[in-house]
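Dropping a structure here in structure tokens format, bear with me for questions.
The values are calculated or read from the model by the stated rules, or taken from the named source; none is laboratory data. Quick caveat: nothing in here was measured; it's all calculated off a predicted structure. We place every Cβ from the backbone using ideal geometry, glycine too, and count neighbours over all the protein chains shown.
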Amino acid sequence: MGGGPVSGALSGAAVLGVVASAAGGVERWFVDGLARPLAARGWRLAITFTPAVARWLEPELGALGAVTDLPVRWTSRLPSEPKPHPVPDAFAFAPATANSLAKLALGIADNQALTVLCEALGRRTPMVVLPQVSEDQAAHPAFEGHLAVLRAAGVVLATDPESVVRELDRVAGVRRIR
């Protein structure tokens, strides 16, 4: 077996797993409203997309490459390939669609993004989630139960991209660049 990647602590910055799913408007705010502010706060970003949002944000891959030294991923690796990201110290899941929230609450890891999130919940890694759902989706009988499961697992729910950054400061004790 080959060695794993260097941990965030050894590379000099805490590693933040940043996961996004395909919710309307993400293509307008993800880079400037979330990724850049998080990187400016000293996080080393390990970005993973759901397959649908990967298509939406493909034009932004160059801009994202400027804020992280790690590959942006959305597909799984082969067993013979090394892990492209170190194990994150914390996670931000923004935006999180109703579909992805339900999968996370139920432990359904059917794509790379949900796999890393489900593993993080199992490790009790600090996690901030920004739900972005319609009123009808929020009114579904199972929706509040999914949020309750996530809260019970220690997930902090945010209300907008700025609050994701604030909540990460609070729950994960971000190290700042001096």
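Yes/no matrix, rows are residues, columns are (1) over 25 Å from Ala13 (Cβ atoms); (2) modelled with pLDDT of 95 or more; (3) of a type outside the set (A, V, I, L, M):
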site	(1), (2), (3)
Leu78	yes, no, no
Glu81	no, no, yes
Ala92	no, yes, no
Pro95	no, yes, yes
Asn99	yes, yes, yes
Gly107	yes, yes, yes
Cys118	no, yes, yes
Gly122	no, yes, yes
Met127	no, yes, no
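Continuing with this model, one more query. Check the stretch 156-169 and report whether any residue there is within 23 Å of Ala46 (Cα to Cα), at pLDDT 95 or above and among the basic types (Lys, Arg).
No, the stretch 156-169 contains no residue that is within 23 Å of Ala46 (Cα to Cα), at pLDDT 95 or above and among the basic types (Lys, Arg).
What number goes with the only condition from (1) among the hydrophobic types (A, V, I, L, M, F, W, C); (2) out of contact with any strand residue (DSSP E or B) (no Cβ under 6 Å at 6 or more places or on another chain); (3) within 15 Å of Ala20 (Cβ to Cβ); (4) in a helix (DSSP H, G or I) that Ala113 does not pass?
So the condition that Ala113 fails would be (2).
Does the stretch 94-129 hold any residues that are closer than 12 Å to Leu150 by Cβ, crowded, with 17+ Cβ neighbours inside 10 Å and touching a residue at least 24 places away in the same chain (Cβ under 8 Å), and which are they?
Once the filter is applied, which keeps residues that are closer than 12 Å to Leu150 by Cβ, crowded, with 17+ Cβ neighbours inside 10 Å and touching a residue at least 24 places away in the same chain (Cβ under 8 Å), the stretch 94-129 yields Ala96, Ser100, Leu101, Ala102, Leu104, Ala105, Leu117, Ala120, Leu121, Met127, Val128, Val129.
What number of residues within the stretch 32-51 satisfy the criterion of being touching a residue at least 12 places away in the same chain (Cβ under 8 Å) and surrounded by fewer than 19 Cβ atoms within 10 Å (Cβ to Cβ)?
Count: 7.
Also: Looking only at the stretch 22-73, filter to residues that are closer than 22 Å to Ala158 by Cα and in a loop (DSSP other than H, G, I, E, B); which one of those is nearest to the chain's Cα centre (by Cα)?
Thr50
Same structure again: Return the total of residues in the stretch 61-93 being without any contact (Cβ under 8 Å) to a residue 60 or more places away in the chain and buried (at least 17 other Cβ atoms within 10 Å of the Cβ).
7
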